[in-house]
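Here's the structure we're looking at; comments come further down.
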Amino acid sequence: MEGGWSGSGGLLLCLTASLLLQGRTNTFTINCSGFDRHGVDPLAFRTAFKQKNFRPVINYSIPTQVNISFTLSAILEVDAQLQLLTSFMWLDLIWNNPFISWDPGECGHINKLTVTTENLWLPDIFIVESMDVDHTMEGLSAYVTSDGHIVYSKPMRVTSICRLDIFYFPFDQQNCTFTFSSFLYTVENVLLGMEKEVWEIVDTSRDFVSTHGQWELLGIDKANPKLSMGSNIYDQIMFYVAIRRKSRRYVINLLMPSSFLMVIDAFSFFLPAESESRAPFKITLLLGYNVFLLMMNKLLPPSGTPLISIYFALCLSLMVVSLLETIFITYLLHLATTQPPPMPRWLHSLLLYCTGPKILCPAALWKENVGPVLTPTHLPGLTEPRGLVGENLEPREEDLNGGSGMTKTQLTDLWVQFSHMMDTFLFRLYLLLLASTIITVIVLWSS
Ligand SMILES: *[C@@H]1O[C@H](CO)[C@@H](O)[C@H](O)[C@H]1NC(C)=O
Ligand SMILES: *[C@@H]1O[C@H](CO)[C@@H](O)[C@H](O)[C@H]1NC(C)=O
Ligand SMILES: *[C@@H]1O[C@H](CO)[C@@H](O)[C@H](O)[C@H]1NC(C)=O
Ligand SMILES: *[C@@H]1O[C@H](CO)[C@@H](O)[C@H](O)[C@H]1NC(C)=O
């Protein structure tokens, strides 16, 4: 019994030793004579191909080093609703197969051959963030070099999960992670390495990404933390890919038309308040803005509330405010010219204060600058030709000081003057709101 055990044990040891010795002396060298004349002899690769179901190492306690490189060729879609990034990449996997090697000197300097991947062991490298199964086409080949390097390149469409933030659309940047890891093999079996430096990956990818689609590659950062799940530790390499949206298209299609409409809206305050066309003009602008928003809706991200939507909403509200202002002023003027109500004393003092020549009242200054535009020429319901405001002021002041009531014309004049003052004041308020909106949005965008 004892002897039998020791006998079989010795046999096993002998076998192992001979196998290992074989490995050392590299009996796995392929006889490649005739490759350059009769083509590749499939029989020569028989041993290597038979091994394809197992990880190709001679000593199983040595992990296989799989080196990774990729070229990002396109950013196809950024879906902020599902938080998915769809990209296309060419993945390169490089590892060693010690069972394949030959001496190129003996076979007409053939240094590398292609071998279909069905005949080879393939590392199961996958992207952890990927939310789709790998649709790699079948029947791909890999390069095999004479010293056993296997270079396997495959195209991959990757739909990966990524935290996307479209608040800064269309000036947004995204930072998405691609974590390459082996699905099955722990660190004892497969180690990951880099085939190229990260900057080389960035360099080759940048041109492809910017020519395909509406994103540009900013940079890639790398980290390789180990992932431990239970008692297993997996090797992984993380790439943080930073991309930026090309915003020119959106600036031309979204921001410029909107700004033009806002500028026209601001300038429409220079239309005389008495003119009948001011309110219809503003309504037309408002309609135009709505049509613009409807048409440009498909350019905006379908979900979420980016800053630009808030900006558009603010612009729309400013236009509505400007229309309301026009309605208010038109009402005031109408009231003034048909049946002017008595003017409260404080209002009159304010009016005097603001139209006084020495006092620096912003509305008055403004009035001086654009006097001719705002001075009414034809007032409906006003038959008497009006003199200059300054001339009319003196007697009215006396009237008021005397405590007696004013004539209807004087009252009308005062109210008209007040309307213009209100118009100017509200216009400045509007400009202030517009400016603060624009400045806030620009500051937020540039941060
Ligand atoms: C390689 O194979 C050829 C025949 O295909 C044979 O003549 C040659 O001896 C072999 N060389 C070795 C080293 O086995
Ligand atoms: C196999 O590799 C392990 C780890 O490197 C080493 O300890 C062991 O001695 C190797 N076995 C042989 C037979 O060389
Ligand atoms: C992988 O890369 C490392 C260096 O990064 C290198 O030492 C090793 O030989 C490479 N392995 C293969 C199989 O190319
Ligand atoms: C992307 O995010 C990771 C952490 O999540 C960070 O380490 C990396 O620096 C970021 N990259 C860029 C370009 O912001």
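The values are calculated or read from the model by the stated rules, or taken from the named source; none is laboratory data. Fair warning: this is a prediction, and the values are worked out from it, not measured in the lab. Here Cβ is always computed from backbone atoms with ideal geometry, including for glycine, and neighbour counts include all displayed protein chains.
Taking the stretch 324-333 as the range and being closer than 14 Å to Ser275 by Cα and free of Cβ contacts under 8 Å to residues at least 24 places away in the same chain as the test, only Tyr331 passes. Check the stretch 80-87 and report whether any residue there is closer than 30 Å to Gln236 by Cβ, modelled with pLDDT of 90 or more and within 16 Å of ligand 3 (Cβ to nearest atom). Checking the stretch 80-87: not a single residue is closer than 30 Å to Gln236 by Cβ, modelled with pLDDT of 90 or more and within 16 Å of ligand 3 (Cβ to nearest atom). The set of residues in the stretch 176-204 that are in a loop (DSSP other than H, G, I, E, B) and within 16 Å of ligand 3 (Cβ to nearest atom) comprises Tyr185, Val187, Asn189, Glu195, Lys196, Glu197. Screening His109 on (1) touching a helix residue (DSSP H, G or I) at 6+ places or on another chain (Cβ under 7 Å); (2) of a type outside the set (Gly, Ala, Ser); (3) modelled with pLDDT under 90 shows it passes everything except condition (1). Residue count for the stretch 149-175 under the criterion of being part of a strand (DSSP E or B), within 16 Å of ligand 4 (Cβ to nearest atom) and surrounded by fewer than 20 Cβ atoms within 10 Å (Cβ to Cβ): the result is 3.
Is it the case that the stretch 131-142 has a residue that's within 22 Å of the chain's Cα centre (by Cα) and away from ligand 3 (no atom under 16 Å from the Cβ)? Step through it out loud before you land on a result.
Let us first name the residues in the stretch 131-142 that are within 22 Å of the chain's Cα centre (by Cα), namely 131.
Going one step further and asking which of them are away from ligand 3 (no atom under 16 Å from the Cβ), we end up with 131.
Yes.
State yes or no: is Val209 crowded, with 16+ Cβ neighbours inside 10 Å and within 14 Å of ligand 4 (Cβ to nearest atom)? Break it down stepwise before answering.
On the way: crowded, with 16+ Cβ neighbours inside 10 Å: yes; within 14 Å of ligand 4 (Cβ to nearest atom): no.
For Val209, the condition - crowded, with 16+ Cβ neighbours inside 10 Å and within 14 Å of ligand 4 (Cβ to nearest atom) - is not met.
Residues in the stretch 87-116 that are touching a strand residue (DSSP E or B) at 6+ places or on another chain (Cβ under 9 Å) and under 21 Å from Ser182 (Cα atoms): Ser87, Phe88, Met89, Trp90, Leu91, Asp92, Leu93, Ile94, Trp95, Asn96, Asn97. Within the stretch 411-421, is there a residue that is modelled with pLDDT under 90 and not in a helix (DSSP H, G or I)? Taking every residue of the stretch 411-421 in turn, none turns out to be modelled with pLDDT under 90 and not in a helix (DSSP H, G or I).
Would you mind stating whether Gln65 is surrounded by fewer than 17 Cβ atoms within 10 Å (Cβ to Cβ), at pLDDT 90 or above and within 16 Å of ligand 3 (Cβ to nearest atom)? Here the answer is yes, as Gln65 does meet what is asked.
Looking only at residues in the stretch 218-237 that are in contact (Cβ under 8 Å) with a residue 40 or more places away in the chain and over 21 Å from the mean Cα position of the chain (by Cα), the one that is nearest to Tyr168 (Cα to Cα) is Ile237. Of all the listed residues (Val320, Val241), the sole one being among the aliphatic types (A, V, I, L, M), in a helix (DSSP H, G or I) and under 33 Å from the mean Cα position of the chain (by Cα) is Val320.
Residues are listed down the side, and each one gets a yes or a no for (1) aliphatic (A, V, I, L, M); (2) in a loop (DSSP other than H, G, I, E, B):
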{"position": "Asp207", "(1), (2)": "no, no"}
{"position": "Gly213", "(1), (2)": "no, yes"}
{"position": "Asp221", "(1), (2)": "no, no"}
{"position": "Ser228", "(1), (2)": "no, no"}
{"position": "Ile237", "(1), (2)": "yes, no"}
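Counting only residues that are part of a loop (DSSP other than H, G, I, E, B), among the β-branched types (Val, Ile, Thr), closer than 20 Å to Ile125 by Cα and touching a residue at least 40 places away in the same chain (Cβ under 8 Å), the stretch 40-65 holds 1 of them. Residues that are crowded, with 16+ Cβ neighbours inside 10 Å, under 33 Å from the mean Cα position of the chain (by Cα) and outside any helix (DSSP H, G or I) within the stretch 245-288 comprise Arg245, Ser247, listed in sequence order.
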